[in-house]
Structures are given as structure tokens and as C-alpha cells.
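Everything below concerns the one structure shown next.
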Amino acid sequence: MKKKLSKKEKFNSTSLKIGKAISKLGISPNGWTFISLILAVIAVIFIIKQNLLVGAIFFLISILLDLFDGAVARATNKTTKFGGFFDTVVDRYVESLIIFSLLFISLPNLFLPIYVWLFILLFGALMTTYIKSAAREKGLVNEDLRGGFFGRSERTVILFIGLIIGNFFPIVLSWIIFVLAILVNLAAIQRFILARKQGKN
């Protein structure tokens, strides 16, 4: 009787197959990471031009390509510390660029000007990453923080959905930005608490 694979094992197996197939194109893992950044910039251009639908499509392709770099690296045994570092930096740029582009869209305000919520969203998104890095850099934890909710993957998926819906109903995108701004900062606070609990002293 075959052992049933966990979701993580299934994902790793699928990722490896995709990585092997894509590696035949001859593009390095870091090359895929850079391409994902370029596509994010194209998405920003379309969003600034008020074409949220096309911008969302390029944003989605950028997210998918971001998955390719790790898959190719594992499939070709080219996983490096710099590659992981480069991928993390580009991830932050992509998310920040998309949030920045929303400043140029005419969206309804909610309680406060929409640009205030965009700043709060950007601040929280950066802080969730910084808290994780700072906890390890300062020696509070030996490994990356475990646990927590509402990570980057959830934020990017919701942002993508928000762009699609916002193309037709701007007020819905305003509400999504508002909710994201609240949740991402709660996630940052949660990571701070986790760092304190998991800390060595």
C-alpha cells in the first residue's frame, strides 16, 4: 500500500517536475527572479495608466515566475545563499511597487484618505519581513520564526483579486486595501510576539 503524500510533499514533487521542465529553457534561477521583477514593473505601468485588468495579469505572471526560480534551482541543484537573498529582495520590491502604483489610481476614501491606508499597508508588509529578519540577525532566534498568519502569499493573492475587482468596482478595492492594511499590521504584531516567545532571552 502506497504511503499517502502530505500536501507539502505533493507540492515539492510538483515543483521539482516543473523545475526540470522549465530548466530546459536555459534561464538561470536568478534570471527567472529578475524577469519576475521586470513583469512587476510592467504591471505597475498599466496600473498607473488605470488599466487594472492588464496590470493584474502581469502581476499574476510575475508571481508565478517567482515560483519558477526556486523550482529551477532545486531541479538543477543550483540553490545558493545569494539566490535566496536575491529572491527575498525582489519579493519585497514587487509587493512594494504594486502598492505604490495604487497611489496613482482614483479610489474612494474610507474613513481616511486612501493614500494613508496604502502607506499603512506598505509599512506593515515591510515590518512583517523586517521583524523576522531582525529576530534572527540579533540572535533572538536561531532559525526563521515559525507560526503566524497572513504572510506574503496571502497578501499577493488578495491584492491580485482586488485589482481584478477594482477594475469594475473601485470601492471594493478601497475596502480590500483597508482590510489588508489592518491585517498585515496585526500580522507584524503577532510576529513580534512570536519572536519574544521563541527568543532565547
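The residue among 127, 79, 99 whose Cα reaches farthest toward the positive pole of the charge dipole of the range 78-137, with charges on the beta-carbon of Lys, Arg, Asp and Glu, is 79. Would you mind telling me the share, in percent, of accessible area of the range 36-172 contributed by carbon and sulfur at probe 1.4 angstrom? Roughly 71 percent of what the probe reaches on the range 36-172 is carbon or sulfur. Charge tally around residue 66: other residues with Cβ under 12 Å, Lys/Arg +1 each, Asp/Glu -1 each, net -2.
Solvent-accessible surface of the range 51-201, averaged per residue with a 1.4 angstrom probe and all protein chains in place: 55 square angstrom.
The values are calculated or read from the model by the stated rules, or taken from the named source; none is laboratory data. Nothing here was measured: the structure is a model prediction, and the numbers come from that model. Please note: Cβ atoms are built from the backbone with ideal geometry, for glycine as well, and neighbour counts cover all protein chains shown. Ligands, DNA and RNA are stripped out before the accessible areas are found, and what is left, the full protein with its side chains, is counted by its heavy atoms. Shrake-Rupley method; radii C 1.70, N 1.55, O 1.52, S 1.80 Å.
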